[in-house]
Amino acid sequence: MTRHSKNNTASSVFSYAEHQKLKQAALYGTQRVLLGSNTHRAYNACSLCLAKAINPVACQKGHLYCKECVVKDLLTQREALARKKAEIEALRKEEEQAREEVRLKARELILAGGSQSLFGKRKEREEDGGKERLQGALSLLI
């Protein structure tokens, strides 16, 4: 026996009275409740509309559906996929247009040879001869 075995607070096991108090407060343990008949789906009910299956169709797993509900659900899913694809394609086009605009602006800056350089290092480019960097930038853009 441990040294403080007679102290009730030293044990990790609850007494019967302590269990009852916790159950009454609904704070501890598994609460068991009987389920009513309204919580269960009828055997012949469609899994999508939850009504009695009309022209029933079963999947490979054994779920029961109305034929009309299955067709309607598949069409809805197909429309949702087409909508998502259109959104993704629109985003891709926007990104491509933005990239093309950046390329054109960079090309204009390089070809114009204006007072501002593309990277803000005009003096270094003039000192180093600049032709190598200009050719390298053009090759990247083309």
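Results, tabulated for the structure shown:
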quantity: Of all accessible heavy-atom area on the stretch 17-110, the percent that carbon and sulfur account for (1.4 Å); calculated: 56 percent
quantity: Exposure rank, largest accessible area first [Lys85, Lys93; 1.4 Å]; calculated: Lys85, Lys93
quantity: Ser47 accessible area, assembled protein chains, probe 1.4 Å, Å²; calculated: 40 Å²
quantity: FRET efficiency estimate (nearest 0.05) - Cβ-Cβ, Arg32 to Ala80, R0 35 angstrom; calculated: 0.25
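The values are calculated or read from the model by the stated rules, or taken from the named source; none is laboratory data. Please read all numbers here as calculations on a predicted model, not as lab measurements. Glycine gets a Cβ as well: all are built from the backbone with ideal geometry, and neighbour counts include every protein chain shown. What goes into the accessible areas is simple: the full protein's heavy atoms, side chains included, and nothing from ligands, DNA or RNA. Shrake-Rupley method; radii C 1.70, N 1.55, O 1.52, S 1.80 Å.
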